[in-house]
1. Calculate, in nm to one decimal, what residue A:322 and residue A:256 gain on full extension: separation in residues at 0.36 nm each, minus their alpha carbon distance.
2. Distances from residue B:39 to the same position in the other copies: list them in nm, one decimal, shortest first, using label points 7 Å from Cα along Cα→Cβ.
3. Which length gain, in nm to one decimal place, applies between residue B:16 and residue B:204 when the Cα-Cα distance is subtracted from 0.36 nm times their residue separation?
4. Can you tell me the 0 to 90 degree angle between the C-alpha axis of helix B:152-166 and the longest principal axis of chain B, rounded to 10?
5. Provide the percentage of antiparallel DSSP beta bridges, counting only those with both residues in chain A; round to the nearest 5.
6. Multiply the residue gap between residue B:284 and residue B:220 by 0.36 nm, knock off their C-alpha separation, and tell me the result in nm, one decimal place.
7. Considering only DSSP beta bridges with both partners in the protein assembly as shown, what is the antiparallel share in %, to the nearest 5?
8. Please compute the alpha carbon radius of gyration of the protein assembly as shown, then divide it by the globular-protein estimate 2.2 N^0.38 Å. Two decimals is fine.
There are 2 protein chains.
Amino acid sequence: MNRPRITDVARLAGVSTATVSRALSRPERVSAETRATIERAIAETGYRLNHAARNLRHQRTGSIVALVPNLANPYFSQILSGIATVLSPAGYNLLVADTRTTNPLRYADPSHADGLIVLDGSVPPSVLIERPTVVVSEQIPGLSAPGVLIDNEAAAAMAVTHFADLGHRKIGHVTGPRGNVLTEQRLAGTERAASARGLPAPVLIEGDFSLASGRRAAQAWLEMTDRPTGMFLASDEMACGFIGELQRHGIGVPRDVSVIGFDDIEMVEHLTPGLTTIRQPRGAMGCVSAERLLAILNGNDDESDTILPVELILRASTAIPR
Amino acid sequence: MNRPRITDVARLAGVSTATVSRALSRPERVSAETRATIERAIAETGYRLNHAARNLRHQRTGSIVALVPNLANPYFSQILSGIATVLSPAGYNLLVADTRTTNPLRYADPSHADGLIVLDGSVPPSVLIERPTVVVSEQIPGLSAPGVLIDNEAAAAMAVTHFADLGHRKIGHVTGPRGNVLTEQRLAGTERAASARGLPAPVLIEGDFSLASGRRAAQAWLEMTDRPTGMFLASDEMACGFIGELQRHGIGVPRDVSVIGFDDIEMVEHLTPGLTTIRQPRGAMGCVSAERLLAILNGNDDESDTILPVELILRASTAIPR
DNA sequence: AAGGTTGATGCAACCGATTGCAGACCTAGC
DNA sequence: GCTAGGTCTGCAATCGGTTGCATCAACCTT
């Protein structure tokens, strides 16, 4: 037995398919009596709407695609989770594409998705102009899509200011890869805040956000003659690597050096010592980006960026310098 | 200007839409000459196939949905990542649904997805019978879908055997919630291995896989008069909570108690001490489950379960008892 | 009572492809 | 020269709904 179609319901209810369709999508356009008959027929046949057919007619797909650089990375999956909370009640499906394994071009196609949420700053803007797009976390140069961002400069300034408040004077900063938007913004904030508090220019070490580069930064720190007492690292992963490597060399955190990270990924709460860090509101970033995209799809959006507030989470990796 | 349709290409090439369609899907059925003309017309119009229309005609969706209990949990996102690697080259879209915020029934519908990969053992089997389904990690009682699983009992036995090898005699086990399939299997393995090695019956503490329940287990351990020297916890999260709480009370790991976790979630490598644990091959579980589902969709599958091997990862949280 | 509303319903075109069937043409075989 | 077989292509139905427009009855106005 085949799946019942709208025709079957219509026949059983003794009305046209048009009426059944209307009873489903705009019940108020159908008389109460007919509606009841139709509902009975639907129940009897076990009819269920074919979304593919409806979507074809409506020239939409009912899906939103999220482009993530690495699905296995918890940083992104928490944003995804926020996106899902908003999309699902709105009746949209969430399609997830890992840009390492999937060609993003595939989803620029209108017959795949109604809109895109881009979590990967390295996606070429040419891919994205075809569909409504919102970018999260990383702005894409050359793309005029609304972004859901944080104020990286102010966030970095918070970290440095915290060091200053504790009495640190010699600050170090481990950056992300040079040229990256996030890197430059966090660096600018670091230098601005240091100068605003009358501290000497921060010592810079280049990293690449990865754990390994944090370890290398620790080596660099160990070799310094005049070591910074407060180290601000542009990602929590680097901070983990940094602390781990120092501990291996008998350096105490925060006894010998205070450390601040960036992101507040889940694990850093459980490190010993717990990592003081800048929390990005990842769930909220996901929610807001989904809301913004839905607004665009509904035709009421203002094109502006949304800046979400960050928070300095105080844990045990920072202390007064000795 | 509207998006070009197959009709536009046909008109420009001077052929029927049927021929264009064939040139696209079965080029060998079209003469080389016509094919060339059509390709030129496609290039000129910038035509791109509408997948929604094709899928409607083919009675398929081109999407596979993954049902996850919690998208923000890295344990699941790594499985998802594995799924994505397989699905994408096969031309399928990956739809992700968080069962906390989405009604799984929505995706039982054939007009939404061609098949399901279920990572949530609590999804009622009635939802799943309608579509080809593969379950991952947790078997669902009453559902006869192929599963991609690990041998939880053997895995637990590995942990206990390791304790025995180190010379521990008094073993404790923090379980998941009683009644859960995973809980019972791991418990059975724990008890079997203990008895096989001639150890006294393990001390049991009930947990629920969460960090907080690991902390509670630590309280319970602290209050014991005859404390187990080797504690095996049924999840890494619990192990984190357990160790953190003990350290807060000045108990050294592995100095005073050795600890083994379960899962090998990413963060436990970076704890101090690094956690000895049972690694579940999450990426592989994702890959295999996707492959199995594709096999079912292509009509060649054998209905059996796939058991993937686990591995005991030795780190610094286990040592010879003092 | 004629004309104007309003509300409920049906007709049939449409979304954009795919495909069974049949016709046109060509070649080869006898 | 005629037919069988093969290749290439087009016609038109189909997937399963949606919706603009037309129709018609009932009710309202004046």
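1. Values: separation 66, 0.36 × 66 = 23.76 nm, distance 0.74 nm.
So the chain would gain 23.0 nm between residue A:322 and residue A:256.
2. Result, one decimal in nm: 5.8.
3. Details: separation 188, 0.36 × 188 = 67.68 nm, distance 7.34 nm.
So the chain would gain 60.3 nm between residue B:16 and residue B:204.
4. The angle comes out at about 40 degrees.
5. Working: 3 of 36 bridges.
Roughly 10 percent of the DSSP beta bridges within chain A come out antiparallel.
6. Numbers: separation 64, 0.36 × 64 = 23.04 nm, distance 3.61 nm.
Working it through step by step, the gained length comes to 19.4 nm.
7. Details: 7 of 73 bridges.
For the protein assembly as shown, the DSSP antiparallel bridge percentage is about 10.
8. 1.11
The values are calculated or read from the model by the stated rules, or taken from the named source; none is laboratory data. What you see is a predicted model, and the numbers here were worked out from it, not measured in a lab. In this analysis, Cβ positions are derived from the backbone assuming ideal geometry, glycine residues included, and neighbour counts consider all displayed protein chains. Just so you know, the surface numbers come from the protein's heavy atoms only, side chains and all, with ligands and any DNA or RNA stripped out. Shrake-Rupley method; radii C 1.70, N 1.55, O 1.52, S 1.80 Å.
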